[in-house]
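A.B. asks: This structure is in structure tokens; I'll ask about it shortly.
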Number of protein chains: 2
Amino acid sequence: MIEKSVKTDEPTKDISYEEAIELVHTKVDHTLTKAPIIIRKYTNHLVSSKSKFIRAKSLIICAEDKQGNIHPNAITLAAALEILHLATLVHDDVIDNADLRRGSITLQKKYGKKTAVICGDYLLCASLKMAASISNKEDYLSINFPDYMSKVCIGELTQHINNGNLDISMYQYFKIISGKTAALFDAAFYAGAYFSGSNEKELIQYKKLGYILGIIFQLTDDCLDFETTETVAMKSVQSDYEQGVITLPLIHALHEIAGFKDKAIRSELSRSEINDAVSRSGGLFFTRRMVQSYYSKALHLISYLDITENKKEKLISVLNQVARLSLTNF
Amino acid sequence: MIEKSVKTDEPTKDISYEEAIELVHTKVDHTLTKAPIIIRKYTNHLVSSKSKFIRAKSLIICAEDKQGNIHPNAITLAAALEILHLATLVHDDVIDNADLRRGSITLQKKYGKKTAVICGDYLLCASLKMAASISNKEDYLSINFPDYMSKVCIGELTQHINNGNLDISMYQYFKIISGKTAALFDAAFYAGAYFSGSNEKELIQYKKLGYILGIIFQLTDDCLDFETTETVAMKSVQSDYEQGVITLPLIHALHEIAGFKDKAIRSELSRSEINDAVSRSGGLFFTRRMVQSYYSKALHLISYLDITENKKEKLISVLNQVARLSLTNF
């Protein structure tokens, strides 16, 4: 059980879910629009990109206590987590040479890779500075953002090393997405639950749930690269393979279709050959079935949490959002 | 006055200067050589580069208490600061497209920019994780590494924006070096003094001293780019101008020689034209005189500190090292 300690200069009253989300948006916007003048042009550019704030929402939902209130420190951490996520995206776009993100031209495309490297560093620092500003210092250190962030780095590096590796195993693939995507969902759920007054055992359940949601998010994202249009995804699609990122639907095809891997190793395949192989092998069906299995596990975990029905509904709502089964904003 | 709180699982005895420096080396080496397997090849590459550990040494010297002992937390922070510095160098080399650093081929040159961006991120996280592991959590938060790091980012960005800007003012130049170099010296002196049991007023003096040493370090470095050979500097020399980095000796020449700036704006100058102009205008003499002025300020600050003669000697020794007046390892 976490002791709540609030400094006298902070609001002492707890906050509702809707107010909390609003405050997170304000905090993130403030960090981006009130950055030091020299960097503001670049951070302002990031405001325009449409974030769904899924990690922040997850943290806030998990932070709700039995009375439906949210501790002010959870808001600070949710904003810090979104900025941390944004920092990883800015560096990601440098690494992937991406042009489009969240419906906007990327920082690296508009202002160059050098600027984007520095801006990513700046956002990383801004995030950790914000996280360290929470009133109960012990809480900040228990949550350990830098540790989660280093997991993201390891995931990114593993992906980069396996760029274009058609021999990549499912095990390696899951190691990559556990780091690059699931780590920050895990952080969101853990940090949120920490402020809801959860005990040690419950905290582990929340962490698991966060991890699963992260995996569902990434598997679904990997399917969307094959299925959707740029307008819907608000980022480049039909592009993972072209960037050397070998995802689960394609890994399945490479395993299932005799001779396909050899052909792919000999010469680069066209997008239609890739799509055809994924379709013939049932790669998307296989990946969706895996999503379904994780989805069931998540529902099971939620059902066993000792929380209000309202909080359960919110958790299911965010689960549906990461699985793209719902477009509601709950 | 800082209350010293040491966890029971840490060595409870204080440590001498020599032991402390040895422990910092061990900690940094351990972080680099025992990193997760996937990243170890790259972090191992960094072990081979010859660091002078000036920031860590500064922190340790400042951390000496009246009995000449050093708190174990100061060792952790000194190692974390060196790793933080290393992270900035790795990203710096990406931005500057540098081939050589500390006598070794750079990570970005050997393994590519993408890998170097991720490795820099990883080291940044590893540093902050290590800093957060100190036994007295309040101390960690008071020192606020992410804040210093964001100053470095702002300095780097300002330098990048002013790349090739021959109209750069001395004011802008000092803003750049205050961030990119002086911020981490300031951090080293502040964090060290914090553990020595210094009071608020003394802490401010140490911070000033750290800042001044950082400025001296950078001004001297800028002179060396004109004066020394690659073998001595263990990095590329005669290269700042070619990379668009306009430093003080050249700024002086641009101001002093009539028509020189116009000529430089019209067409890129050769290295011999640059060297000649810097020499004719006395740009190096001007910069060295400024170093001398900061050097005197630093000596003055040291003389007024209420510390042992031995600690004063060590501080002067590190001052001489940053001004390249001494090659002793004190």
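The values are calculated or read from the model by the stated rules, or taken from the named source; none is laboratory data. Only a predicted model underlies this, so the values are computations on that prediction, with no experimental measurement involved. Virtual Cβ from ideal backbone geometry, glycine too; neighbours counted across all protein chains shown. Areas reflect the complete protein model, heavy atoms only, side chains present, ligands, DNA and RNA absent. Shrake-Rupley method; radii C 1.70, N 1.55, O 1.52, S 1.80 Å.
A.B. asks: Give the calculated FRET efficiency between A:SER293 and B:GLN243 to the nearest 0.05, with a Förster radius of 60 Å applied to their Cβ-Cβ distance.
C.D. replies: E(calc), rounded to 0.05, equals 0.70.
A.B. asks: What pairs from B:LYS52/B:LYS207; A:LYS110/B:LYS57; A:LYS41/B:LYS52; A:LYS180/B:LYS34; B:LYS129/B:LYS207 go past 31 Å between their alpha carbons? Kindly include the intermediate steps, with their values, before the conclusion.
C.D. replies: Details: B:LYS52/B:LYS207 21 Å; A:LYS110/B:LYS57 41 Å; A:LYS41/B:LYS52 37 Å; A:LYS180/B:LYS34 21 Å; B:LYS129/B:LYS207 24 Å.
Pairs exceeding the cut-off: A:LYS110/B:LYS57; A:LYS41/B:LYS52.
A.B. asks: I would also like to ask the following. According to the square roots a ≥ b ≥ c of the eigenvalues of the Cα gyration tensor, what is the shape class of the stretch A:19-138, taking rounded for a/c under 1.5, prolate for a/b larger than b/c otherwise, and oblate for the remainder? Spell out each step's value before the answer.
C.D. replies: Working: a/c = 2.31, a/b = 1.86, b/c = 1.25.
Here the stretch A:19-138 falls in the prolate category.
A.B. asks: Okay, moving on. Can you tell me the orientation of helix B:145-161 relative to chain B, as the angle in degrees between its alpha-carbon axis and the longest Cα principal axis, to the nearest 10?
C.D. replies: The answer is roughly 10 degrees.
A.B. asks: Let me ask something else. Calculate the tail of P(r) for chain B: the fraction of all Cα-Cα distances greater than 32 Å, expressed in %.
C.D. replies: Values: 16112 of 54285 pairs.
Of all Cα-Cα distances in chain B, 30 percent exceed 32 Å.
A.B. asks: What residue among A:LEU299, A:LEU32, A:LEU46 has the largest mean-square fluctuation in a Gaussian network model of chain A, using Cα springs under 10 Å?
C.D. replies: Comparing A:LEU299, A:LEU32, A:LEU46 in the GNM, the peak value goes to A:LEU299.
A.B. asks: Describe numerically, in nm with one decimal, the distance between label points set 7 Å from Cα along Cα→Cβ at A:LYS66 and at A:VAL47.
C.D. replies: In this crude label model, A:LYS66 to A:VAL47 measures out at 4.2 nm.
A.B. asks: Give me the percent of accessible area attributable to carbon and sulfur for the stretch B:17-322, probe 1.4 angstrom.
C.D. replies: Looking at the stretch B:17-322 in its full context, I get 52 percent from C and S.
A.B. asks: Thinking of the stretch A:187-330 as a set of Cα atoms, what percent of all their pairs are more than 24 Å apart? Each step should come with its number before you reach the end.
C.D. replies: Details: 4343 of 10296 pairs.
Summing the P(r) of the stretch A:187-330 above 24 Å gives 42 percent of all pairs.
A.B. asks: Excluding same-chain residues fewer than 8 positions from A:LYS175, which aspartates and glutamates have a Cα within less than 14 Å of its Cα?
C.D. replies: Partners within reach: A:GLU156.
A.B. asks: So the label point sits 7 Å from Cα along the Cα-to-Cβ vector; using that for A:GLN243, what distances do you get to the other copies, in nanometres, sorted shortest first?
C.D. replies: Sorted ascending, the copy-to-copy spacings read 2.9 nm.
A.B. asks: Using 7 Å Cα-to-Cβ label points, what is the B:ILE105/A:ASP29 separation (nm, one decimal)?
C.D. replies: Going by the 7 Å Cα→Cβ label model, 5.0 nm.
A.B. asks: Name the residues of the stretch B:125-154 whose accessible area falls by at least 50 Å² when all protein chains are present instead of the chain alone, probe 1.4 Å?
C.D. replies: Output list: B:CYS125, B:LYS129, B:LYS137, B:LEU141, B:PRO146, B:CYS153, B:ILE154.
A.B. asks: Quote the relative contact order of chain A in percent (integer), defining contacts as alpha-carbon pairs under 8 Å separated by 6+ residues. Numbers along the way, then the final one.
C.D. replies: Numbers: 470 pairs, mean separation 62.3, N = 330.
So the answer I get is 19 percent.
A.B. asks: Could I ask something else about it? Divide by every residue of chain B the summed helix terms, -39500 (n - 2.57) for each DSSP H run of at least 4, and state the resulting mean residue ellipticity at 222 nm, rounded to the nearest 500 deg cm²/dmol.
C.D. replies: Numbers: 17 runs with 228 residues, N = 330.
Mean residue ellipticity, 222 nm, calculated: -22000 deg cm²/dmol.
A.B. asks: Multiply the residue gap between A:GLU309 and A:SER169 by 0.36 nm, knock off their C-alpha separation, and tell me the result in nm, one decimal place.
C.D. replies: Working: separation 140, 0.36 × 140 = 50.40 nm, distance 4.00 nm.
Between A:GLU309 and A:SER169, full extension yields 46.4 nm more.
A.B. asks: Turning to a different aspect of this structure: Probe radius 1.4 Å, ligands and nucleic acids left out: can you give me the accessible area buried at the B-A interface, summed over both chains, in Å² to the nearest hundred? The partial results should precede the final answer.
C.D. replies: On the way: alone 15270 and 15240 Å², together 27070 Å².
What B and A bury together is about 3400 Å².
A.B. asks: Say a label goes 7 Å from Cα toward Cβ at B:LYS312 in every copy; what distances in nm does this one have to the rest, shortest first?
C.D. replies: Label-point distances to the other copies, shortest first: 7.4 nm.
A.B. asks: Still on this model: Compute the label-point distances linking B:ASN165 to its equivalents in the other copies; points lie 7 Å from Cα along Cα→Cβ; give nm, one decimal, shortest first.
C.D. replies: So the label point of B:ASN165 gives 4.3 nm to the other copies.
A.B. asks: Based on alpha-carbon atoms only, what is the radius of gyration of the protein assembly as shown relative to the globular estimate 2.2 N^0.38 Å? Don't jump to the answer; show the numbers that get you there.
C.D. replies: On the way: Rg = 26.5 Å, N = 660, 2.2 N^0.38 = 25.9 Å.
Taking N as the residue count of the protein assembly as shown, the ratio is 1.02.
A.B. asks: Moving on to the next point. How many nm separate the modelled label positions at B:ARG266 and A:GLU227, each set 7 Å beyond the Cα in the direction of the Cβ?
C.D. replies: Calculated label separation equals 6.5 nm.
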